[in-house]
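Below is one structure, written out as structure tokens, with a few remarks after it.
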Amino acid sequence: MRGRIDILVLKEQLWVLVIESKRAEFSVKVGIPQILSYMLATPHPELPLYGLVTNGTDFVFLKLMFQDVPRYAKSRQFVLGQDDDLEKVLQILKQLAEVVVARC
């Protein structure tokens, strides 16, 4: 993988990738393969992993599960300033924090 990231945060099952946070014109879609490659290197494949890719304006959440082959699902793209997307992003982050804290 090539590219630069501004921030990568991980707490066992929660991975956050921020791509070019100062330039919101970059699509978060370009960060999805990158964060999935990081998530595939987890030392805990028995647990589902959760990820977030953001450029500061757009947010996409991911879930990676290891079964026979790794499978992932992604949320729709949330855009700050559109409808109630900020509220939805904060609700999802709160739920993910509860999952991560419960596992620690």
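The values are calculated or read from the model by the stated rules, or taken from the named source; none is laboratory data. Model, not experiment: these values are computed from the prediction. Virtual Cβ from ideal backbone geometry, glycine too; neighbours counted across all protein chains shown.
Taken together, the residues in the range 78-93 that are within 12 Å of Val60 (Cβ to Cβ), part of a helix (DSSP H, G or I) and under 14 Å from the mean Cα position of the chain (by Cα) amount to 2.
Here the range 38-60 is the region considered, the condition is being assigned to a helix (DSSP H, G or I) and at pLDDT below 85, and the residue that is nearest to Glu98 (Cα to Cα) is Met39.
A count restricted to the range 13-37 and to residues that are among the charged types (D, E, K, R) and modelled with pLDDT of 60 or more stands at 3. It is to be established whether one or more residues within the range 52-62 are among the aliphatic types (A, V, I, L, M) and over 15 Å from the mean Cα position of the chain (by Cα). No; the residues of the range 52-62 include none that is among the aliphatic types (A, V, I, L, M) and over 15 Å from the mean Cα position of the chain (by Cα).
Scanning the range 59-96 for residues that are surrounded by fewer than 13 Cβ atoms within 10 Å (Cβ to Cβ), of a type in the set (A, V, I, L, M) and over 18 Å from Leu40 (Cα atoms) yields a single hit, Leu90.
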